[in-house]
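Undergrad: Pasting a structure here, questions to come.
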Amino acid sequence: MFVAAPGIRFSPAYAALLIGTTICMVLAACAMPEPPLPRSAEPDAVHAFLTSPGADQALMRITTYNWPDDGAKPARYFSWIGPDATSDAPEIATWAGESAHVVAEVLADIRPELKRVSPDLINAYADALTPFQAAMVGYDDGMRGFGELSTPDDPAAARSVFAVIATNAESGEKFIESAYSHAVEVAAAAAEQGCREPSVAARVSRRAVRAAAALSGVAASVDKELKNRPPALWPVVNAMAEACLAVAGEPPQGCIVDYLDGGRLLPPAVVLDRESSLESYYQSQRDYVTNLGLDVSDFYAVWNKAAHGR
């Protein structure tokens, strides 16, 4: 006799039937049907799917579904986004940006307990989002179609996207390295513009440096190699100094001249042959760009918020 609760008894046959029914119900609930995918992998079809009503819920189901092929099937629907992000055709580039933005929004909304996404799908998402990393922290670097996701003052959504992608070690490492590179490129481009046009130097550099700090910070938030990297500002001021040395109308002044050879900065390895650290080397570069009117003062305030949430 099976006792379900005090005073309630079932026969063995009925108990077996009840248990079997319960197991079937649980299995049925677990065996979720495969979520619908776009009608084809062509860019127009995928873009239409991702920008239709309810697209975020549909993509969330695709993203969190336990694909038996590690996500290879849905991944192919997103493979065009990264390459087409820089298409010469404005409409195609806009489709890519709008599609990537939906992907980013969905990844930003994934709850911590659901952050295990099929590896092939994560890789596809990482490739799709890589061209838009600066846009993910609110910087307009000319990429079309990608709406607002985060800003340097509020990088939480971008940090969540990085956290999901970093659950796949290989994709995460590539995505993080790309973010550091993009951060440097953003700062260098602004420095070049500011050194060519001194009247806009403070404005364009402040905005770009804040974006570079936010992007570098969200990458650092999931970077397992962070402790082995140099201070976050160093590669940024190095790129800015290199950009200005190439275009500035006046000869460089200050301590930076001690680290120049033929108008170019000495490599760090050469500096370490004669000095015990690189502190003075990078400080001279910071002083140089600051004296040219470029503003890097907000870097660490923004970086710390992006990297550590404070």
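None of the figures in this text is laboratory data; all of them are computed from the coordinates on show. Being a predicted model, the structure only gives us computed values, none of them experimental. As a convention, Cβ positions derive from the backbone with ideal geometry for all residues, glycine included, and neighbour counts pool all protein chains shown.
Undergrad: May I ask you to sort 256, 176, 81 by Cβ crowding, counting other Cβ atoms within 10 Å and putting the fewest first?
TA: Going from least to most buried by this count: 256, 176, 81.
Undergrad: Sort 91-99, 61-69 for me by packing, meaning the mean count of neighbouring Cβ atoms within 10 Å per residue, highest on top.
TA: 91-99, 61-69
Undergrad: Something else: If you stretched the chain out fully between residue 41 and residue 148, how much longer would it get, using 0.36 nm times the residue separation minus the C-alpha to C-alpha distance?
TA: Result: 35.9 nm gained on full extension.
Undergrad: Considering the dipole of segment 43-101 built from charges on the beta carbon (Lys and Arg +1, Asp and Glu -1) around the Cα centre, which of 65, 77, 90 is farthest to its positive end?
TA: 65
Undergrad: Hey, what number do you get for the chain at 222 nm if only DSSP H runs of n ≥ 4 count, each worth -39500 (n - 2.57), divided across all residues, to the nearest 500?
TA: -18000 deg cm²/dmol
Undergrad: Just 189, 269, 41 to compare: in a GNM of the chain, with alpha carbon springs under 10 Å, which one fluctuates most?
TA: Maximum among the listed residues: 269.
Undergrad: In debye, nearest 20, what is the charge dipole magnitude of the chain about its Cα centre with +1 on Lys and Arg Cβ and -1 on Asp and Glu Cβ, if you could check?
TA: Magnitude of the dipole: close to 1160 debye.
Undergrad: If one takes the longest principal axis of the Cα atoms in the chain, at what angle in degrees, from 0 to 90 and to the nearest 10, does the Cα axis of helix 12-30 lie?
TA: Approximately 30 degrees, to the nearest ten.
Undergrad: Quick one: 195, 255, fewest Cβ neighbours within 10 Å first, how do they rank?
TA: With the fewest neighbours first, 195, 255 line up as 255, 195.
Undergrad: Also, I was wondering about something else. In sequence order, what are the phi-derived ³J(HN,Hα) couplings for segment 138-153 according to the Karplus relation 6.51 cos²θ - 1.76 cosθ + 1.60 with θ = phi - 60°, rounded to whole Hz, with x for glycine and proline?
TA: Those phi angles translate into x, 9, 8, 9, x, 6, 7, x, 8, x, 5, 10, 9, 9, x, 7 Hz.
Undergrad: Holding the Cα-Cα limit at 20 Å, pick out from 224/305; 73/174; 73/224 the pairs that are longer than that.
TA: From the list (224/305; 73/174; 73/224), the Cα-Cα distance tops 20 Å for 73/174; 73/224.
Undergrad: Whose amide H sits under 5 Å from the amide H of residue 118, counting only residues 5 or more places off or on another chain, with H placed in the peptide plane?
TA: 67
Undergrad: Which entry in [x] 34, 59, 7; [y] 32, 56, 12, 0; [z] 29, 44, 19, 6, 2 is this structure's computed P(r) over Cα pairs in 20 Å bins from 0, in percent?
TA: Recomputing P(r) over Cα pairs in 20 Å bins from 0, in percent here gives the entry labelled [z].
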